[in-house]
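In what follows, a single structure is set out as structure tokens and then discussed.
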Amino acid sequence: MRSEPVLPLQTALIGGYAMSYTEYGSGTPLVLVHGSLSDCRYWKSQMAPLGKSFRVLAVCLRRYWPETWDGEGDGFSIEQHASDVLEFIDTVAGGPAHLVGHSRGGRVALEAALRQPDALRSLTLADPGLPLPGGDDSRGGFRQRALALIRQGDVEDGLALFVDTVTGPDTWQRMVPWFKEMVRDNVGTLFGQAEEKPEVLSPQQIGTLKLPTLLIGGALSPAPYPAVLDALSQWVPHAHRVTVVGSSHGMNLGNPRAFNGAIEAFIGG
């Protein structure tokens with residue numbers, strides 16, 4: 001028996017793709033964008049609490065669950081996902097929305113904000129996956145190494161390598177069953193992610209962002225996330241930064257009360 005949280009899924013035709021999403025609450029739209037190996041279920045601890053004040057919409061990006069993707073075909077890129085998010089905000093949210101992105105989803109959200117700022121009311125970036133100019137990722141091609149393990153049949157070892165690298169040692173071993181099932185459901189997306197090379201944005205490009213911007217990090221998040229937030233704090237005019245105590249990269253699950261409270265306090269009811 002699967003132990004995933006039960007969320008009602010809806011579907012919208014976005015850029016010719018049947019995008020799945022779930023929603024809760026009413027009022028001003030608040031769109032949540034998941035990161036790697038995740039989908040709308042990642043936001044289960046945000047839906048009802050934030051839904052008391054907002055119409056919360058959590059998307060499943062193109063090629064993620066409930067699609068089962070084998071890496072064949074196109075459509076998996078930061079650029080495509082940002083385009084999908086913007087079209088989703090226009091057609092499903094029905095107007096300017098608050099946008100929240102976590103990890104790789106933070107890079108997608110930032111791309112959307114830079115491309116079409118008028119579509120957003122505010123931007124929240126939670127430990128965004130953002131390569132820094134002139135910086136080398138010290139994690140040594142972990143995506144490709146994880147994918148190599150998966151290709152040779154060592155799926156659990158490959159997923160453990162990926163999750164432990166971005167969140168901390170032994171995270172995979174400690175994860176609850178529904179989270180592991182979600183990650184396994186999205187294993188095919190690593191075929192796309194291992195190949196993509198997102199544009200490295202300059203401080204000047206990011207500095208053009210005039211939206212109200214909230215930066216959230218986990219107090220225990222490993223490199224490179226603290227350095228990324230340090231840089232964004234300098235480059236984004238008037239950005240507000242919050243550190244979630246006692247949590248690593250998955251701070252919205254590790255300390256949802258603090259995470260949700262930071263968003264509510266920043267964007268209001």
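Checking 56, 108 one by one, the residue that is outside any strand (DSSP E or B), under 25 Å from residue 265 (Cα atoms) and among the hydrophobic types (A, V, I, L, M, F, W, C) is 108 and no other. Return yes or no: is residue 223 farther than 22 Å from residue 113 by Cα and outside any helix (DSSP H, G or I)? When the stated conditions are applied, residue 223 passes them. Does the stretch 158-168 contain any residue that is part of a loop (DSSP other than H, G, I, E, B) and either farther than 17 Å from residue 101 by Cα or touching a strand residue (DSSP E or B) at 6+ places or on another chain (Cβ under 7 Å) (or both)? Yes, that holds for at least one residue. Looking across 91, 124, 68, one residue alone is of a type in the set (Ser, Thr, Tyr), open to solvent by 20 Å² or more (accessible area, probe 1.4 Å) and under 30 Å from residue 168 (Cβ atoms). It is 68. Residues that are out of contact with any helix residue (DSSP H, G or I) (no Cβ under 8 Å at 6 or more places or on another chain), at pLDDT 95 or above and open to solvent by 30 Å² or more (accessible area, probe 1.4 Å) within the stretch 182-203 comprise just one, 185. Would you check if there is a residue in the stretch 13-34 being under 15 Å from the mean Cα position of the chain (by Cα), touching a residue at least 12 places away in the same chain (Cβ under 8 Å) and part of a loop (DSSP other than H, G, I, E, B)? Among the residues of the stretch 13-34, at least one is under 15 Å from the mean Cα position of the chain (by Cα), touching a residue at least 12 places away in the same chain (Cβ under 8 Å) and part of a loop (DSSP other than H, G, I, E, B), which makes the answer yes.
Residues of the stretch 71-92 include none that is assigned to a loop (DSSP other than H, G, I, E, B), out of contact with any Lys or Arg (no Cβ under 6 Å at 6 or more places or on another chain) and closer than 21 Å to residue 226 by Cβ.
Does residue 115 qualify as being surrounded by fewer than 17 Cβ atoms within 10 Å (Cβ to Cβ) and not polar (S, T, N, Q)? Answer is yes for this residue. For the stretch 34-65, a tally of residues being among the hydrophobic types (A, V, I, L, M, F, W, C), out of contact with any strand residue (DSSP E or B) (no Cβ under 7 Å at 6 or more places or on another chain) and surrounded by fewer than 20 Cβ atoms within 10 Å (Cβ to Cβ) returns 0.
Among the residues of the stretch 244-261, those that are open to solvent by less than 60 Å² (accessible area, probe 1.4 Å) and part of a loop (DSSP other than H, G, I, E, B) comprise 247, 248, 249, 250, 255. Restricting attention to the stretch 5-33 and to residues that are among the hydroxyl-bearing types (Ser, Thr, Tyr) and open to solvent by 40 Å² or more (accessible area, probe 1.4 Å), the residue that is nearest to residue 98 (Cα to Cα) turns out to be 28.
Given the criteria surrounded by 16 or more Cβ atoms within 10 Å (Cβ to Cβ), in contact with a Ser or Thr (Cβ under 8 Å, 6 or more places away or on another chain), at pLDDT below 95 and not in a loop (DSSP other than H, G, I, E, B), does residue 217 qualify? It is false that residue 217 is surrounded by 16 or more Cβ atoms within 10 Å (Cβ to Cβ), in contact with a Ser or Thr (Cβ under 8 Å, 6 or more places away or on another chain), at pLDDT below 95 and not in a loop (DSSP other than H, G, I, E, B).
Any residue in the stretch 192-204 that is within 27 Å of residue 64 (Cα to Cα) and in a helix (DSSP H, G or I)? Yes: one or more hits.
Remark: pairs (first residue in the stretch 147-161, under 10 Å from residue 172 (Cα atoms); second residue in a loop (DSSP other than H, G, I, E, B) and open to solvent by less than 50 Å² (accessible area, probe 1.4 Å); Cβ separation under 7 Å; 6+ apart in sequence or on different chains) = 159/187.
All of (1) in contact with a Leu (Cβ under 7 Å, 6 or more places away or on another chain); (2) surrounded by fewer than 17 Cβ atoms within 10 Å (Cβ to Cβ); (3) assigned to a helix (DSSP H, G or I) hold for residue 241 with one exception: (3). Among the conditions (1) in contact (Cβ under 8 Å) with a residue 60 or more places away in the chain; (2) in contact with a helix residue (DSSP H, G or I) (Cβ under 7 Å, 6 or more places away or on another chain); (3) outside any strand (DSSP E or B); (4) closer than 21 Å to residue 199 by Cα, residue 46 misses just one, which is (4).
The values are calculated or read from the model by the stated rules, or taken from the named source; none is laboratory data. Nothing here was measured: the structure is a model prediction, and the numbers come from that model. Cβ sites come from the backbone with ideal geometry, for glycine too, and all protein chains shown count toward neighbours. In case anyone asks, the SASA skips ligands and DNA or RNA and just uses the protein heavy atoms, side chains included. Shrake-Rupley method; radii C 1.70, N 1.55, O 1.52, S 1.80 Å.
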